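The values are calculated or read from the model by the stated rules, or taken from the named source; none is laboratory data. Note that the structure is predicted; figures quoted are calculated from it, not measured. So basically every Cβ, Gly included, is an ideal-geometry build from the backbone, and we count neighbours across all protein chains shown.
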Amino acid sequence: MKQLFILCMCGLILLPSCKKENIDSLSVAGKVRDGRNNNGLSSANVKFKEKVLEGGAFNSSFQTAAETSTSGNGDYSIDFERKNAVEYQIEFSKDGYFTKTIDINPEDISLDQAYMQNATINAEAEVELRIVNENPWNNQDQIRFRYLNAIFDDCFCCNNDFIVLNGTDVDSTKNCQIYGDFLIKYVYEVTKSDTTITTVDSLFCPAFTTTQIVIAY
């Protein structure tokens, strides 16, 4: 009887550990690179998010299932419990960099091997554009300005739309974000005293800083 009691107690002790081992665990791994030089980016934050079935309905918002940080060479690996998920996302971020979010189909992730997802994130920089009309002036003065290569994938940054300013009282400052260590190209057309002059120029914008463009006409 005593031996039976001991066997039963051992079974109860082992039961939680057996149950834990039966939980399906999925893995995602990869490398995060710096968009400026393609080197591995250390200490970047990686969040794995999911939309899961709760109470018979899919939750409308993403919940963080697991998160980690990249190693010194930019590598990361995340393990998380498999649930009845309809969508997955991985969010890559770091202070001073634009956040990137990548969608993943849950059907693409299996129990057999780690799902590989690399990412490149870009350093932030800012451009401050100041445009000033200097005396002599008149009401027919005009300046048309636009960037030529402000096309960025993962931020609400500068764009290539025209900025048009008219008249005498022009002293305008506009700020916008771009990728760091980026050569921004721009063109402006000034009409003054019945003469129009077009200028094409460029400016290198270091990462993590604000670079100023001043146009006085």
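For the reader, a short list of remarks on this structure follows.
Residue-wise test of (1) over 24 Å from Ala123 (Cβ atoms); (2) of a type outside the set (A, V, I, L, M).
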{"residue": "Ala150", "(1), (2)": "no, no"}
{"residue": "Asp153", "(1), (2)": "no, yes"}
{"residue": "Cys158", "(1), (2)": "no, yes"}
{"residue": "Thr168", "(1), (2)": "yes, yes"}
{"residue": "Asp181", "(1), (2)": "no, yes"}
{"residue": "Tyr188", "(1), (2)": "yes, yes"}
{"residue": "Lys192", "(1), (2)": "yes, yes"}
{"residue": "Thr196", "(1), (2)": "yes, yes"}
{"residue": "Ala207", "(1), (2)": "no, no"}
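- Across region 35-46, not a single residue is classified as among the polar types (S, T, N, Q) and either assigned by TED's automatic domain parsing to the domain that holds Gln177 or crowded, with 19+ Cβ neighbours inside 10 Å (or both).
Let's see how each residue does on (1) of a type in the set (S, T, N, Q); (2) farther than 20 Å from Phe208 by Cβ:
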site: Lys83; (1), (2): no, yes
site: Thr101; (1), (2): yes, yes
site: Asp112; (1), (2): no, yes
site: Thr120; (1), (2): yes, no
site: Ala123; (1), (2): no, no
site: Asn133; (1), (2): yes, yes
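- Breaking point among (1) within 30 Å of Asn37 (Cβ to Cβ); (2) in contact with a Ser or Thr (Cβ under 8 Å, 6 or more places away or on another chain); (3) assigned by TED's automatic domain parsing to the domain that holds Val28, for Gln117: (2)
- When each of Phe208, Phe204 is tested for being assigned to a loop (DSSP other than H, G, I, E, B) and either at positive phi or of a type outside the set (S, T, N, Q) (or both), the lone residue that passes is Phe208.
- Any hit, region 26-34, residues being in contact (Cβ under 8 Å) with a residue 24 or more places away in the chain and either loosely packed, with under 14 Cβ neighbours inside 10 Å or outside any strand (DSSP E or B) (or both): no
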